[in-house]
Each structure stands twice: as structure tokens, then as C-alpha cells.
1. Which of the residues spanning the range 94-119 are of a type in the set (G, A, S) and without any contact (Cβ under 8 Å) to a residue 24 or more places away in the chain?
2. Taking the range 235-254 as the search range and keeping residues that are without any contact (Cβ under 8 Å) to a residue 12 or more places away in the chain and of a type in the set (S, T, N, Q), which one is surrounded by the most Cβ atoms within 10 Å (Cβ to Cβ)?
3. Specify the residue that is farthest from the chain's Cα centre (by Cα); the eligible residues are those in the range 146-184 that are within 18 Å of S211 (Cβ to Cβ), part of a helix (DSSP H, G or I) and not aromatic (F, W, Y).
4. Could you tell me whether the range 143-160 includes any residue that is surrounded by 14 or more Cβ atoms within 10 Å (Cβ to Cβ), free of Cβ contacts under 8 Å to residues at least 12 places away in the same chain and within 18 Å of M226 (Cα to Cα)?
5. If I go through the range 74-132 residue by residue, how many of them are more than 25 Å from the chain's Cα centre (by Cα) and in a helix (DSSP H, G or I)?
6. Within the range 133-145, track down each residue that is over 23 Å from the mean Cα position of the chain (by Cα) and part of a loop (DSSP other than H, G, I, E, B).
7. Within the range 258-286, take every residue that is of a type in the set (A, V, I, L, M) and under 17 Å from V212 (Cα atoms) and give me the one that is surrounded by the most Cβ atoms within 10 Å (Cβ to Cβ).
Amino acid sequence: MRTTRNRTLNLGQSPLSASEKKPQNSDSQNIQSKWGKSILQLAIQLTPLAVILLVWEVGTGAFNIPQFIEPALVGKPSAIVLEVWDLLSSGSVFQHIFVTFQEAMTGLVLAMIGGISLGIVLAYSPSGARIALPYVQIFNSLPRIALAPFFIVWFGIGLLSKVLLAALAAFFPIFFTTYQGLQSIERELVAAFQVMGANRWQMLHMVVLPSVLSWVIAGIRTSLGMALVGALVAEYIGSTQGLGYLLMAAQGTLNVDKAWAILVILAFISVLLDWGVRVLEAYVLRWRPNPREL
């Protein structure tokens with residue numbers, strides 16, 4: 001009797017244990033599938049770059065193949081890698097990286113303060129928007145590189161001119177995304193909260209911020225690169241330090257490989273900063289549903 005009862009209990013428990021294992025197996029399979037898709041996507045993204053670098057390296061005479069690309073004019077990938085290693089291992093480039101980073105980030109903060117503030121003011125002041133928007137469009141159409149010499153003359157070759165040019169370059173994407181984000185808020189939603197007696201703080205916290213935050217972060221992502229470019233342009237035209245100064249010095253001595261190495265370092269910094277903003281966006285907007293899961 002006891003043996004039969006034990007067998008019955010074991011038979012009754014086996015489906016339960018199998019059902020408990022199924023979610024764990026499915027979770028592990030989902031993780032493996034996501035990793036596989038990520039690796040495949042990364043491989044697809046890197047394949048064109050790898051092909052270009054291979055053709056470039058071969059064309060400059062590598063592997064005893066007849067040369068059909070002049071390395072003195074366009075550089076050589078293997079030599080560029082060595083230049084990057086020399087710059088990083090010697091440590092001489094880190095001070096210049098810090099200077100450029102300081103200029104770009106300070107300019108970005110100023111652009112965020114000015115762009116978000118002006119976007120809010122004009123979004124809630126239609127008459128002010130009609131007056132100010134044409135001027136904003138005119139200043140936005142001016143090429144930043146053409147303004148750089150004026151900034152150097154007006155504010156000198158120190159930190160201020162680079163910060164202000166970086167702020168000017170980063171201002172417009174943040175302003176326009178903030179303004180458009182506030183304009184996109186559904187009036188019916190605002191009216192519904194007003195009918196329910198929501199005060200200004202509740203309207204800001206429950207309606208305005210959730211609606212406009214994704215727009216502002218998108219503008220910051222765009223402005224991040226613009227601020228970096230603005231600082232580099234100012235350094236390139238008149239400076240004694242920074243990555244823009246290093247780039248100008250390398251090009252002035254016709255050191256093509258070193259110039260490319262500096263651009264590679266700049267590209268890596270840009271990717272790293274963009275990744276940081278993506279992480280911040282994912283954290284700040286963690287309440288928002290993922291479109292892939294809908």
C-alpha cells in the first residue's frame with residue numbers, strides 16, 4: 001500500500017516539476033536568443049568596416065600586393081593603430097581629451113539650460129514664439145565654422161570661446177525638441193487634468209514631464225555630438241591644447257596617420273558618450289513600454 005501511494009505521489013508530482021522547469025528553460029532560451037541576435041547584429045554592422053579596412057590595408061601595399069593607394073595621402077590602417085597605441089600608451093593625449101571633454105560638456109550644460117528654458121517659454125507664449133522663432137531660425141542657419149573666428153577674436157583662445165561655440169552648436173537641437181515636445185502634448189489630456197482640479201505642480205509632474213522628456217533626451221543625444229564638434233572647431237582655429245589642436249598640428253606636419261588616430265579617438269569618445277546617454281534614457285524612461293514588446 002505504501003509503495004503504491006508513493007508511486008502515485010511521484011506520478012502526481014512529476015508534471016508539476018516539469019511545468020516549473022519550463023519557464024526557466026524558456027527564460028534561458030530567450031536570453032540566448034537575445035545574445036545571438038545582438039552578436040549577429042554587431043557582426044553585420046562591423047562587416048562593411050572590416051571590408052573597407054582590409055581593402056585599404058591591401059591597397060597600401062600590404063601582404064606584398066602591388067600598391068594602388070598612396071599611404072602618404074590617405075594613411076595606412078596598421079600605422080593608424082600604432083599611432084593610437086603610441087598616443088594612449090605615452091599618456092600625452094589624455095590632457096587634451098580632458099580639455100575637449102570639459103569644453104564640450106560645459107557647453108552642453110549651458111545649451112540645455114538655455115534651450116529647455118526658451119523652449120518652455122515660447123511653447124506657452126504663442127505671441128512670443130511668433131516674434132522669436134524667425135530669429136532662432138536665422139541663427140540656426142549660420143554655419144558654426146564661419147562663426148568660430150569671431151568667437152576667437154571676441155573671447156580669446158582660452159576656455160570661454162570654446163565653451164560658447166560648443167553651447168551655440170548644441171543649443172538648437174535641444175530648443176527645437178523641447179518646443180516641439182511641448183507642442184505635441186494632447187490638449188484633451190491637459191483639459192481633463194484641469195477638470196479634475198490638478199494644480200500646476202501636478203500638471204508638470206503628471207502631464208508635461210512624461211510627455212516632453214523623451215523629446216528632450218533625443219535633443220540632448222543630438223546636441224552631444226554638436227557640442228563636441230563646436231569645441232573641436234574652435235580648438236582647430238585657435239588653441240594651444242585639446243584634440244582639435246592636436247589634429248591641426250598633425251595635419252600641419254602632414255602626419256596623416258596621427259591625424260587619423262586622433263579622429264579614431266574622437267569617434268570612440270562620441271560612441272562612449274552616446275552610450276552613456278542611452279543608459280540614462282533607459283533609466284529615466286524605464287516606465288515607458290518597449291515597442292518591441294508590444
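1. S117
2. Q251
3. To start, the set of residues in the range 146-184 that are within 18 Å of S211 (Cβ to Cβ) comprises 174-184.
Then drop every residue that is not part of a helix (DSSP H, G or I), which leaves 174-183.
Filter again for not aromatic (F, W, Y), leaving 174, 177-178, 180-183.
Values: I174: 13, T177: 15, T178: 17, Q180: 20, G181: 19, L182: 22, Q183: 24 Å.
Here the answer is Q183.
4. Among the residues of the range 143-160, at least one is surrounded by 14 or more Cβ atoms within 10 Å (Cβ to Cβ), free of Cβ contacts under 8 Å to residues at least 12 places away in the same chain and within 18 Å of M226 (Cα to Cα), which makes the answer yes.
5. Looking only at that region, the number is 20.
6. Our first condition is that a residue be over 23 Å from the mean Cα position of the chain (by Cα); within the range 133-145, this holds for 133-139, 142.
Once the filter is applied, which keeps residues that are over 23 Å from the mean Cα position of the chain (by Cα) and part of a loop (DSSP other than H, G, I, E, B), the range 133-145 yields only L142.
7. Only one residue tops the list, namely V277.
Residues checked against (1) surrounded by 11 or more Cβ atoms within 10 Å (Cβ to Cβ); (2) modelled with pLDDT of 85 or more; (3) among the hydroxyl-bearing types (S, T, Y):
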| residue | (1), (2), (3) |
| --- | --- |
| S38 | no, no, yes |
| Q45 | no, no, no |
| L53 | yes, no, no |
| G59 | yes, no, no |
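The values are calculated or read from the model by the stated rules, or taken from the named source; none is laboratory data. Computed from a predicted structure; not experimentally measured. So basically every Cβ, Gly included, is an ideal-geometry build from the backbone, and we count neighbours across all protein chains shown.
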